[in-house]
Amino acid sequence: MNKRFRNPVQVEVIRRPSAGKLSPVPPEPFTRPSSPSLPRIEELPPPAPRAAFPTAARRVRQTVTPAAIEALAKKERVPVRIAKGELDGKMKCRIWKRLHPKEAEHFECAYRLQEQHPHLNLNDAFGLLQSNMTVDEFAKRRARIKKKDELRVARASVSSLEIDAWFKVLMEAQEELSFVLAESTLRDKIRGLSPLELELEKTGLMEKLHIVAIARSKTWEQLTVQLLRDLKLAQKPSPVPRQPTQRPVGDPRPFLSHRGKTLNLFLRNGINLELPLLATGPFDLLVGTPGNEILVPLHALLGWNPLD
């Protein structure tokens, strides 16, 4: 026997008896085991009512309003988007401040400044912090920017077709014109036109800010006989500010309703014109009568009033 096997397997040999010694055994008849009879479905009793288990009250989600978002943002001193996210079930404001400490500090300073000056909105508070200005200086700068934007919109709302057509007629006819300046008048012809300059035949380029009025030479000669002038301004004309918002008259829209009416125009070199208004452009007025028009730039006006 192999020593590797500690527990040897014992095999029992069953010898088959000889055929002559076996006697047939009749099989037992098969009988189904007795089982209780199951009732039919029709005979089953109705199911017992299900017991009502207590359920947790459902949380009713309230509508997030802009006022609620703004109130939470001011309370937590976070951006509006973060406050809206918390009300929508997203990130909490305190977690956002923990993840973004530098940005949270900037919002803390902006909200603190807004509390000290309630007339500032959040964007103005950030702008004030970045500009290193005082509140008064920042307010003046904002007022200048606002006035500049309003003037740009005002000029864009007025068509320049009539003024451009008048210049085109003069350039095609090559008529001699009188260019009235602050202290003198020169005669020349227009060869080219640009937004800020006029190209003259003899003088060359001339900045429009120097011009007080433009008319045909014969028209201006007839008009100078009856002109009224302020002697003080005639000796020392009023300068033209470079900033359009600092000029006495810059918005062309008030003139639109006075088309065809006589206006009193007070120019910066002391000249007073009392003529009917023919057309209004973004930067100029056309006054007088057809064929004897006079162009008056808005920057040359110190004041005006309707006479009709």
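The values are calculated or read from the model by the stated rules, or taken from the named source; none is laboratory data. Small disclaimer: the values here were computed from a predicted structure and weren't measured. All Cβ positions, even for glycine, are placed from backbone atoms using ideal geometry, and neighbour counts span all protein chains on display.
Residue count for the stretch 269-295, restricted to those that are polar (S, T, N, Q) and assigned to a loop (DSSP other than H, G, I, E, B): 1. Take the residues in the stretch 279-293 that are among the aliphatic types (A, V, I, L, M) and in contact with a helix residue (DSSP H, G or I) (Cβ under 8 Å, 6 or more places away or on another chain), then tell me which one is surrounded by the fewest Cβ atoms within 10 Å (Cβ to Cβ). So the residue we want is LEU286. Restricting attention to the stretch 50-100, which residues are in a loop (DSSP other than H, G, I, E, B), of a type in the set (A, V, I, L, M, F, W, C), more than 21 Å from ASN123 (Cβ to Cβ) and modelled with pLDDT of 90 or more? The answer is MET91, and nothing else.
Within the option set VAL153, VAL169, being exposed (fewer than 12 other Cβ atoms within 10 Å of the Cβ), out of contact with any Gly (no Cβ under 9 Å at 6 or more places or on another chain), assigned by TED's automatic domain parsing to the domain that holds LEU278 and not small (Gly, Ala, Ser) holds for one residue only, VAL169.
Taking (1) without any contact (Cβ under 8 Å) to a residue 12 or more places away in the chain; (2) touching an Asp or Glu at 6+ places or on another chain (Cβ under 8 Å); (3) outside the structural domain of ILE271 (by TED's automatic domain parsing) in turn, ARG142 satisfies each apart from (1). Under the condition of being in contact with a helix residue (DSSP H, G or I) (Cβ under 6 Å, 6 or more places away or on another chain) and outside any strand (DSSP E or B), the residues counted in the stretch 248-268 number 5.
Cβ-Cβ distances below 9 Å connect the following pairs, each with a first residue in the stretch 218-241 that is over 20 Å from ARG187 (Cβ atoms), a second residue that is modelled with pLDDT of 90 or more and assigned to a helix (DSSP H, G or I), and a separation of six or more residues or different chains: VAL240/LEU209; VAL240/HIS210; VAL240/HIS299; VAL240/ALA300; PRO241/HIS299.
Okay, residues lined up against (1) surrounded by 17 or more Cβ atoms within 10 Å (Cβ to Cβ); (2) more than 25 Å from PRO239 (Cβ to Cβ):
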| position | (1), (2) |
| --- | --- |
| GLU103 | no, yes |
| LEU113 | yes, yes |
| LEU120 | yes, yes |
| ASN123 | no, yes |
| ASN132 | no, yes |
| ASP136 | no, yes |
| GLU162 | no, yes |
| GLU183 | no, no |
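Yes/no matrix, rows are residues, columns are (1) farther than 20 Å from SER178 by Cβ; (2) among the acidic types (Asp, Glu); (3) modelled with pLDDT of 95 or more:
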{"site": "THR224", "(1), (2), (3)": "no, no, no"}
{"site": "LEU228", "(1), (2), (3)": "no, no, no"}
{"site": "ALA234", "(1), (2), (3)": "no, no, no"}
{"site": "PRO237", "(1), (2), (3)": "no, no, no"}
{"site": "GLN243", "(1), (2), (3)": "yes, no, no"}
{"site": "LEU285", "(1), (2), (3)": "no, no, yes"}
{"site": "PRO297", "(1), (2), (3)": "no, no, yes"}
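Residues that are more than 29 Å from PRO252 (Cα to Cα) number at least 1 in the following helices (runs of 4 or more DSSP H) confined to the stretch 110-208: 122-131, 135-156.
Of the set (1) among the aromatic types (Phe, Trp, Tyr); (2) closer than 20 Å to LYS148 by Cα; (3) over 41 Å from the mean Cα position of the chain (by Cα), all apply to PHE255 but (3). Of all residues in the stretch 256-270, which are under 25 Å from ASP164 (Cβ atoms) and in contact (Cβ under 8 Å) with a residue 40 or more places away in the chain? LEU256, HIS258, LYS261, THR262, LEU263, LEU267, ARG268 - these are the residues of the stretch 256-270 that are under 25 Å from ASP164 (Cβ atoms) and in contact (Cβ under 8 Å) with a residue 40 or more places away in the chain. Of the residues making up the stretch 171-205, those that are without any contact (Cβ under 8 Å) to a residue 24 or more places away in the chain and under 24 Å from PRO290 (Cα atoms) are MET171, GLU172, ALA173, GLN174, LEU186, ASP188, LYS189, ILE190, ARG191, GLY192, LEU198, LEU200.
So, GLU199, is that one over 15 Å from LEU302 (Cα atoms) and touching a Gly at 6+ places or on another chain (Cβ under 6 Å) or not? Answer is yes for this residue.
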